[in-house]
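The values are calculated or read from the model by the stated rules, or taken from the named source; none is laboratory data. It should be emphasised that the depicted structure is a prediction, and the values quoted were computed from it without experimental measurement. A quick note on method: Cβ atoms are made from the backbone with ideal geometry, for glycine too, and the neighbour counts reach across all protein chains shown. Surface areas here come from the heavy atoms of the whole protein model, side chains and all, with no ligands, DNA or RNA. Shrake-Rupley method; radii C 1.70, N 1.55, O 1.52, S 1.80 Å.
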Amino acid sequence: MTLLKKIFKKRNNSLVTTLTITSDNGLHLRPIARFSNEVKQFNSKITIVKDNKEIDATQVPEILSLSLQKGDKFNLKCKGEEALEASAYLTDFFEQIMKEDIVIDEIIQVKDKYGALSIHGKSVAKGIAIAPLTPYEIRKLTKSKETGLSIREAIRKTKEELYELYQANKAKHESQIFLAQQELISADIFRYECSSVRNFLEIIQKEINRLEGTKFESRIPDYRDVEQRVLKQLGLSSAIEVPTNPYILLADDLLPSEVIKLQNTLIEGVVLQKGTPTSHASILLRSFGIPSMIVTEPIEPSKRVILDANSGNLVLNPTDLDIKKAMDNKKAFKEYQQESYKKRFDITKTKKGEIIKVFANISNYNSAIEAKEKGADGIGLLRTEFLFKDEKPSFRQQLNSYINIFKLFNLITVRTLDVGGDKSIPYINIPKEDNPFLGIRGIRFSLLEQTLFKEQLLAIFQAFQALMPSARMLKIMFPMISTVEEFIEAKEIAVSIARQYNINLNNIEFGIMIEVPSVIFSMKEFNQIVDFYSIGTNDLTQYIFAIERTHPNLVVDSTSPILLSALKMIAQEATKPISICGEIAGLEEVTKELIDMGYNNLSISPKLIPSIKEKIRNV
């Protein structure tokens, strides 16, 4: 018997592990459901302990009510014969779902104006619609033939229905919504405490009340959704009254099941007055390609409106010229989508025949897969922070992760660990700083914590070497370089590691992120020592304007003439290959200007690749 097992036996078959929420989304319904579903396979009592409160790890509503946010910790307590196996497996599984829970990128709206007055909203799903704005009619509860089911039987059949929907859509992202709802209705409060319909409705309302005012208030519609599904099993059905002609729906919010039904009507678009871009209704609207926006201002129904989710404009009383413009934009957008997706793997050339490479910015293996499917020419920025989030990864974990990503592409640019500022790691002790964005971050941290830096470099080198690198190119990029001396020291460390472990550097290059303005004034010196540059415009903007990029009130126009002037200056001074991996590279309105400056390598979010490639072909 191992020492760990002996200790485990002495502690009454109980094992406690501390887990940390590392997803920017917090611990919301979908990952909770996935985790709880895995818990059920073990013959052990498994609980979650938070703030002296201990709850069953299979009880989704209880976990959801904790409203755990990024950075929060809880204890996973496993007790029983399989506690050791359960703890090890569930810890790894939890870390994995945290890494996979990618933040939904905000839609970057194009700049456009209409003649009539527009209300601006937050885009949920791109597209343009022109139709009457029809209000959401109050759902009417109608009783069909008597089903004869008890409330518990209705709940059981609802669980079966949701599981079937999950299985039928397993290959699609939205399948996780059905799994989440199935786990929600599987909770003990619905299995054992529901003796009547009234009792069931009271429990639903109680759970809704617990979520109101929390970050996960957007999950309330999921409770309403399972409520409607259960009532339908009892013969009580409800439906939205929709027109028989094309329409744009105006609603406070929508249930996921309602969105599914709406796609089979003549719906042209949706305007929500509440909700968030991360709600399950929003996820489905994007999945079904229904142009949608969230507009919080009071709105009256109208006979004809323009919903332009590409620019974020809702035009309530459009002129004839506005209608013509919207129709032209709609037609162009549809053709653009079809053509760009079809040609996403083609070589990207401007009208003058200049080849422009479009790379992807990725944060983990899943986004690498998406980049491959969207037609990326390679990886222009691999953010390696995903490996270091909640605990220090082993060398083997790093090596395997890099190999899995590297084998997908022949050209990979890896950014070494970039922490500090707004990016913290719980197990790394960076002293508290009054202004962390101007303190120990990026390469400054790596040069102070060289053990971690050297291990990462070795894992990157050996992963590349394991994949027959003769037909591949690896670029290693150091973040937040501000002086020539920093680059020289970082590269010397990398070269010494390569020599020590017999790594061939023939197909490996070393470069820097241009994020700090001091580099712009040292380009002549940097040209002599770096192999390439990549511009991180988000941080460069922050330091040029002295405005923290996470500030809630101070915002800089991402296409500011001052920033564009800086980019032009960099392009003129650089004598080594240069790319842009910041937000501006994905903005279609400046694509031509960037190419005219001399930027022929752009690195962007995977989902933007087809449309940016098509934009380039028209430059």
Cross-link partners among aspartates and glutamates for LYS99, C-alpha distance below 16 Å, same-chain residues fewer than 8 apart left out?
ASP24, ASP72, GLU370, GLU385, ASP390, GLU391
What does the highest-first list of 246-252, 447-453 look like by mean Cβ count within 10 Å?
246-252, 447-453
Built amide H within the under 5 Å cut-off of VAL124, gap 5+
SER292, MET293, ILE294
Once you have the Cα-Cα distance between GLN69 and LYS592, take 0.36 nm times their residue separation minus that, and quote the gain in nm to one decimal.
184.2 nm
How large is ³J(HN,Hα) for each residue in the stretch 232-249, as worked out from phi by the Karplus curve 6.51 cos²θ - 1.76 cosθ + 1.60 (θ = phi - 60°), to whole Hz, x for Gly and Pro?
5, 5, 8, x, 10, 10, 9, 7, 7, 7, 10, x, 8, 10, x, 8, 10, 8
Label point distance in nm, LEU316-ILE562, each placed 7 Å from Cα along Cα→Cβ
3.6
Net charge over other residues, Cβ less than 13 angstrom from the Cβ of PRO298 (K, R count +1; D, E count -1):
-2
Just to be sure I understand the model, the point goes 7 Å from the Cα along the line to the Cβ. What's the resulting SER518 to ARG152 distance in nm?
7.1
Which of the pairs LYS274/LYS592; LYS491/LYS576; LYS159/LYS372 have their Cα atoms more than 27 Å apart in this structure?
LYS274/LYS592; LYS159/LYS372
Centroid-to-centroid separation of the stretch 554-616 and the stretch 54-133 [C-alpha atoms, Å]
30
Could you do me a favour and compute the accessible area per residue for the chain, 1.4 Å probe, result in Å²?
47
Most packed first (mean Cβ within 10 Å per residue), the peptides 505-512, 605-612 order as 605-612, 505-512
How would you classify the chain from its alpha-carbon gyration tensor, with a ≥ b ≥ c the square roots of the eigenvalues: rounded for a/c under 1.5, else prolate if a/b is greater than b/c, otherwise oblate?
oblate
The rounded separation in angstrom of the Cα centers of the stretch 326-355 and the stretch 181-231 is 46
When the accessible area of the chain is computed with all protein chains present and a 1.4 Å probe, what percentage of it is carbon and sulfur?
50
